[in-house]
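Structure first, then comments.
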Amino acid sequence: MTDDDARLNLTLTALYGEKPRQLAELIAFCQELVSAHVPNGFEPYEPAQIHATIIGFEGRWIDGHLYNDNLLQRGESRRMDIANALRFLQATRMLPFRARIGGYHADDDFGFKSFGRHPYERSFEIQTTNAVVAMGWPVAGSSFTNTLDDLRRELLQFNVLHKYHTTDQRSITICSSF
C-alpha cells in the first residue's frame, strides 16, 4: 500500500451499544416494518451496532500528513488537526444534546426543512446505498435547535468537514418551536 492509498475512517457516534428501552423498541419496530416490505430480504444490524453519527473524520494520508477527504472533494487541501478537534469535543458545551427521532407528521409545520425536505420525508428513508436510516434533530425543551449542525461547522476550524456539508450553506435553519 502506498501512502496515498492509506485512509482514516474514524466516526464519532452516539448511542452505540445498549439502547434505552424506548429507542430499542423503536428500532425493533422499524426493522420489522422494513423486513416486511423490502423484497430480496433485509439484513438488519444488531441493535447494539445501530448508532447516531455526530461527525466523520474521513481522511487520506498524503506525504505523511492526514488530509480531510471531504475538503479534498471540494478542491481544498487541508490537513486535519484531530488532536485539537478531540480536545474541542471533550470541552464543548454543545455535547451532550437531546434529539427527537420520529413523530413527524406530513401536515405539521415544524418550522424547518432538512436539505429542502420536510422532516416527515427525511426522518426515515432507504438511501441509494440501501442503508436504512432513521433521522432525528436536536431539541431543547420544545424547540428544535441547530446544535448538531453548529457542532459540525465548529469542527471545520480543525479542518474536519462533515461529508454532507458540500457547501457552506446550512443544511437546516431552525428558528421555531413545535
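Of the residues making up region 81-97, those that are surrounded by 12 or more Cβ atoms within 10 Å (Cβ to Cβ) and under 19 Å from the mean Cα position of the chain (by Cα) number 9. Of all residues in region 45-58, those that are loosely packed, with under 14 Cβ neighbours inside 10 Å and at pLDDT 90 or above have Cβ atoms under 9 Å from Cβ atoms of residues that are of a type in the set (Phe, Trp, Tyr) and not in a strand (DSSP E or B), 6 or more apart or on another chain, in Ala48/Tyr16; Gln49/Tyr16. Across region 34-73, the qualifying residues are those that are part of a helix (DSSP H, G or I) and in contact with a strand residue (DSSP E or B) (Cβ under 9 Å, 6 or more places away or on another chain), and the one among them that is farthest from Leu89 (Cα to Cα) is Val34. Residues that are touching a residue at least 60 places away in the same chain (Cβ under 8 Å), small (Gly, Ala, Ser) and within 15 Å of Cys30 (Cα to Cα) within region 98-124 comprise just one, Gly102.
The values are calculated or read from the model by the stated rules, or taken from the named source; none is laboratory data. Worth saying up front: this structure is predicted, and the values here are computed from it rather than measured. Neighbour counts run over all protein chains shown; Cβ positions are idealised from the backbone, glycine included.
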